[in-house]
Amino acid sequence: MSEAESNNPTPPLVRIRGLRFRRGSRWIFDGVDLDIPRGKVTAIMGPSGTGKTTLLKLIGGQLRPDEGSIEVDGENVHALKTPELYRLRMRMGMLFQSGALLTDISVFDNVAFPLREHTRLTESMIRKLVLLKLEAVGLRGARDLMPSELSGGMARRVALARAIALDPMMIMYDEPFTGQDPISMGALVQLIRMLNDAARISSVVVSHDVAETLRIADQVYVISDGKVVESGSPAQLRESGGDWTRQFIQGLPDGPVPFHYPAAPLREDILEVSS
Amino acid sequence: MIGHLAKLGGWGLQALTRLGRAHLLLLPMMRGLLDILRRPRLLLDQVFSVGVLTILIIAVAGLFVGMVLGLQGYYILSRFGGETALGLMVAASLVRELGPVLTALLFAGRAGSALTAEIGLMKATEQLSGLEMMAVNPEHRVLAPRFFAGFLSVPLLAALFSMLGVIGGWMVGGGMLGVDQGAFWNGMQNGIDFREDVINGVIKSVVFGFVCTWIAIFQGYDCVPTSEGVSRATTRTVVHSSLAVLGLDFVLTALMFS
């Protein structure tokens, strides 16, 4: 039993053990152990290309690990048959980086989509639920707009309303703050925390936006080179003595992650061109 | 030399892998028919976007092809005093060959490329992943309605093409060149065999509809999800569909009329 489990008797919502996953010959994850507790905001951080989005796809069963197991709410995701996996996904929401709204239908229909697909509610009930979900993200007035008429921040809020349409037990946020202006970012930060606390949803936020993520996270995992290099509360990470974590949290241009891409010495390169 | 052979082998394996993936895609699309039967609206929406919106180009092309056939046919037949067979010549050419083939080629250019681009962009903008995470199978919800819509639309469009082609041939032959109208229609009625000509033409258009839509959907679903990937997939759809139609036309013609 890990230290986290012995301190917290409630089993974690997501339990990852010995995860190994590769693309081609490159190992994206090489022995990752990770617990995502219930009812908390858990942040998974790391620089671009470390496989944060891949981790969400593995948790959601869209990708299959080479080794190891991923359990969500006690169910081994990759041992499930397709109908069972789909039933589990109905209890998981995911906010994609792009929003992933269906572009040929309106905001209202996008939010109503999972309700129409998975429930037998009447249209009048669906209307009420959709308006409530849109109200929660502050976009009830935008229900008749098409996705192409929304700003990036609005699109993500609509996608968030859609993600909570079926009242899931957890929401996975894939880079929710990337490319947002300060106002949209503030709104998203507040929404993630509010939804987590008010609706008692467990949240997994994958991000490399340090300040915003540390503001709302209860627990943080830092990933690098296919492994969890550090974990703890935001305060513990800020005070971390680890070189890698310090470079990432403080945004230092050079350190364990070098500024320069590996190359021959500059002198050699220049002389080669001159000769 | 070995390097070239290895490259060639690599291409061959890649092509076979893609072909295998394309065949594997057919199964879930067929299963999607159950969803369509439960919600026919999904199919009707796609029939509109894939079939109805292609009517204009099919109608205009059919009319002009028929007019050209009328003109060319008249000049050739009049050398032998056989102008009265113009109706038969126009109708047989259209129903047996030009209707199904040209409709499929135009369909691949207009609707097939649009299908590939739409599905490819849905993939690039994570809409298909989004559906999966909402516990909705994109192969049933997105691909299957488009597949069956294309499959149903092509034979209907081919029938429209042939009908307007015959009218075009009649306008030129009967209207402009003075071919006897009774002989024009009578020759067509007597010379065209329903089973031999019409049914075989319909079979061809069904096969072409199946192949063109399948290629278009597979290319979109299998594309690299970038702007360049979608662009390449769209080009491949038109090229592969056109070659498949022309190749299959030869095979089917040989089987049907030999």
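The values are calculated or read from the model by the stated rules, or taken from the named source; none is laboratory data. All figures in this text were calculated on a predicted structure; none of them were measured in a lab. All Cβ positions, even for glycine, are placed from backbone atoms using ideal geometry, and neighbour counts span all protein chains on display. Just so you know, the surface numbers come from the protein's heavy atoms only, side chains and all, with ligands and any DNA or RNA stripped out. Shrake-Rupley method; radii C 1.70, N 1.55, O 1.52, S 1.80 Å.
Anything in the stretch A:43-68 that is without any contact (Cβ under 8 Å) to a residue 24 or more places away in the chain and within 14 Å of chain B (Cβ to nearest Cβ)? List them, or say none. The answer is A:Lys57, A:Gln62, A:Arg64. Per the conditions (1) within 14 Å of another protein chain (Cβ to nearest Cβ); (2) in contact with a strand residue (DSSP E or B) (Cβ under 8 Å, 6 or more places away or on another chain); (3) surrounded by fewer than 20 Cβ atoms within 10 Å (Cβ to Cβ); (4) of a type in the set (D, E, K, R), the sole criterion not satisfied by A:Arg156 is (3). Can you name the residue in the stretch A:106-122 that is within 14 Å of chain B (Cβ to nearest Cβ) and open to solvent by 30 Å² or more (accessible area, probe 1.4 Å) and is also farthest from the chain's Cα centre (by Cα) among such residues? Restricting to residues being within 14 Å of chain B (Cβ to nearest Cβ) and open to solvent by 30 Å² or more (accessible area, probe 1.4 Å), the top hit is A:Arg120.
Of everything listed in (1) free of Cβ contacts under 8 Å to residues at least 24 places away in the same chain; (2) surrounded by fewer than 22 Cβ atoms within 10 Å (Cβ to Cβ); (3) not in a strand (DSSP E or B), the single unmet condition for A:Glu230 is (3).
If the condition is being among the aliphatic types (A, V, I, L, M) and either surrounded by 13 or more Cβ atoms within 10 Å (Cβ to Cβ) or under 17 Å from the mean Cα position of the chain (by Cα) (or both), then the stretch A:178-192 contributes A:Met185, A:Ala187, A:Leu188, A:Val189, A:Leu191, A:Ile192.
Scanning the stretch A:91-105 for residues that are over 15 Å from A:Lys57 (Cβ atoms) and open to solvent by less than 60 Å² (accessible area, probe 1.4 Å) yields a count of 4. Hey, does the stretch B:201-209 have a residue that's over 16 Å from the mean Cα position of the chain (by Cα) and open to solvent by 70 Å² or more (accessible area, probe 1.4 Å)? No: the stretch B:201-209 contains no residue that is over 16 Å from the mean Cα position of the chain (by Cα) and open to solvent by 70 Å² or more (accessible area, probe 1.4 Å). In the condition set (1) more than 26 Å from A:Ser151 (Cα to Cα); (2) more than 14 Å from chain B (Cβ to nearest Cβ); (3) within 22 Å of the chain's Cα centre (by Cα), A:Met125 is compliant with all but (3).
May I ask you to verify whether B:Glu139 is within 9 Å of another protein chain (Cβ to nearest Cβ) and closer than 24 Å to B:Ser227 by Cα?
no
Exactly one residue out of B:Ala111, B:Ala92, B:Ala124, B:Ala61 is open to solvent by 10 Å² or more (accessible area, probe 1.4 Å) and within 24 Å of B:Glu228 (Cβ to Cβ): that is B:Ala124. Residues in the stretch B:210-243 that are farther than 22 Å from B:Leu106 by Cβ, open to solvent by 70 Å² or more (accessible area, probe 1.4 Å) and either under 15 Å from the mean Cα position of the chain (by Cα) or acidic (Asp, Glu) (or both): B:Glu228 alone. For the stretch A:29-51, a tally of residues being on the phi < 0 side of the Ramachandran plot and either open to solvent by less than 10 Å² (accessible area, probe 1.4 Å) or assigned to a loop (DSSP other than H, G, I, E, B) (or both) returns 15.
Could you list, in sequence order, the residues of the stretch A:128-153 that are within 18 Å of A:Met185 (Cα to Cα) and within 14 Å of chain B (Cβ to nearest Cβ)? Once the filter is applied, which keeps residues that are within 18 Å of A:Met185 (Cα to Cα) and within 14 Å of chain B (Cβ to nearest Cβ), the stretch A:128-153 yields A:Leu150, A:Gly152.
Between B:Met122, B:Met134, the distinction of being over 22 Å from the mean Cα position of the chain (by Cα) and either touching a residue at least 12 places away in the same chain (Cβ under 8 Å) or more than 14 Å from chain A (Cβ to nearest Cβ) (or both) belongs to B:Met122 only. Pairs meeting the criteria (first residue in the stretch A:23-37 and free of Cβ contacts under 8 Å to residues at least 40 places away in the same chain, second residue in a strand (DSSP E or B) and β-branched (Val, Ile, Thr), beta carbons under 9 Å, at least 6 apart or on different chains) are A:Asp35/A:Val14; A:Asp35/A:Ile16; A:Asp35/A:Thr42. Exactly one residue out of A:Pro11, A:Pro65, A:Pro83 is farther than 21 Å from A:Gln219 by Cα and open to solvent by 60 Å² or more (accessible area, probe 1.4 Å): that is A:Pro83.
Can you name the residue in the stretch B:147-187 that is of a type in the set (A, V, I, L, M) and farther than 30 Å from B:Ser113 by Cα and, of all such residues, is surrounded by the most Cβ atoms within 10 Å (Cβ to Cβ)?
By that ranking, first place goes to B:Val179.
Inside the stretch A:72-89, residues that are over 15 Å from A:Ile16 (Cβ atoms) and more than 10 Å from every other protein chain (Cβ to nearest Cβ) make up a count of 3.
Of the candidates B:Gly51, B:Gly73, the single residue that is open to solvent by less than 70 Å² (accessible area, probe 1.4 Å), more than 21 Å from the chain's Cα centre (by Cα) and at pLDDT below 95 is B:Gly73.
Hey, any hits in the stretch A:239-256 for a residue that's open to solvent by 100 Å² or more (accessible area, probe 1.4 Å), assigned to a loop (DSSP other than H, G, I, E, B) and free of Cβ contacts under 8 Å to residues at least 40 places away in the same chain? Among the residues of the stretch A:239-256, at least one is open to solvent by 100 Å² or more (accessible area, probe 1.4 Å), assigned to a loop (DSSP other than H, G, I, E, B) and free of Cβ contacts under 8 Å to residues at least 40 places away in the same chain, which makes the answer yes. So for the stretch B:42-64 (the condition being part of a helix (DSSP H, G or I), under 30 Å from B:Gly173 (Cβ atoms) and touching a Gly at 6+ places or on another chain (Cβ under 6 Å)), does at least one residue qualify? Checking the stretch B:42-64: at least one residue is part of a helix (DSSP H, G or I), under 30 Å from B:Gly173 (Cβ atoms) and touching a Gly at 6+ places or on another chain (Cβ under 6 Å).
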